[in-house]
Amino acid sequence: PDLTQMELRANIPSSAVVTPALAGIKDLSKPYPITVKAGNGDVREYIIQVRLVKSDKKEMMNFSIPSLGLKGINSGSDTIKLIVPPGYDQSLLKNVTPAFSLSSWASVNPDVDVARDFSKDVIYTVTAQDGSAKDITIVQTFPNILDYGFGLTNLMWKKSAAEASFTKGM
């Protein structure tokens with residue numbers, strides 16, 4: 001954003017007066033002094049200082065290969081498990097374009113429009129707005145087959161009774 005073209009907004013009591021008025025566009029590229037006079041006559045001076053803070057978020061929020069109907073599960077900060085059914089034709093994964101979303105302001109290399117070979121592990125480098133980066137690996141995983149006809153599943157997380165705050169008798 002352009003700090004010379006900013007709007008200020010504040011919630012103040014109806015009896016208070018701010019000088020200079022907050023309405024309109026302000027130049028906040030340098031300290032901006034204001035005075036607030038309360039209804040009882042008390043006066044306080046403030047200096048508004050603005051600085052841009054770049055995002056350090058570098059996450060791949062979701063992942064899929066829409067053309068094949070395959071989805072990924074984020075299984076940690078640096079791994080996404082691509083769920084592939086047992087016996088899946090691996091040749092179908094050799095030249096496909098994925099779909100994914102990233103944290104706000106983040107970018108990725110290689111670009112999302114680049115077809116990749118997902119029959120093996122694929123590494124993406126996600127770079128945050130602040131320039132920090134991390135590698136995220138897409139790994140192929142097979143769901144577990146459950147007994148009694150429940151279908152295919154994949155363990156997403158596990159928590160012990162103690163971690164879930166269950167006590168004896170609960």
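The values are calculated or read from the model by the stated rules, or taken from the named source; none is laboratory data. Quick caveat, the model's predicted, so the values are computed rather than measured. Note that each Cβ is placed from the backbone with ideal geometry, even for glycine, and that neighbours are counted across all protein chains shown. These accessible areas exclude ligands, DNA and RNA; they are computed on the full protein's heavy atoms, side chains included. Shrake-Rupley method; radii C 1.70, N 1.55, O 1.52, S 1.80 Å.
Overview of values
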| read-out | value |
| --- | --- |
| Calculated FRET value between V53 and I73, using beta carbons and R₀ = 35 Å, to 0.05 | 0.65 |
| Most mobile of L22, L92, L70 in a GNM of the chain (Cα contacts under 10 Å) | L22 |
| Length released on extending from L3 to V43, taking residue separation times 0.36 nm less the Cα-Cα span | 11.7 nm |
| Accessible area expressed per residue, the chain, with surrounding protein chains retained (probe 1.4 Å, Å²) | 69 |
| For Rg and Dmax of the Cα atoms in Å, calculated from these coordinates, the label among (i) 17.4, 55; (ii) 53.7, 177; (iii) 26.3, 79 | (iii) |
| Exposed trypsin sites (Lys or Arg not before Pro) absent - longest run of the chain, DSSP non-H/G/I/E/B, at most 16 other C-beta within 10 Å | 10-50 |
| Full-extension gain in nm, M61 to I25, via 0.36 nm per residue minus C-alpha separation | 9.4 nm |
| Among L68, L28, L93: highest mean-square fluctuation, GNM of the chain, C-alpha pairs under 10 Å | L28 |
| Accessible carbon and sulfur surface of the chain relative to its total accessible area, %, 1.4 Å | 53 |
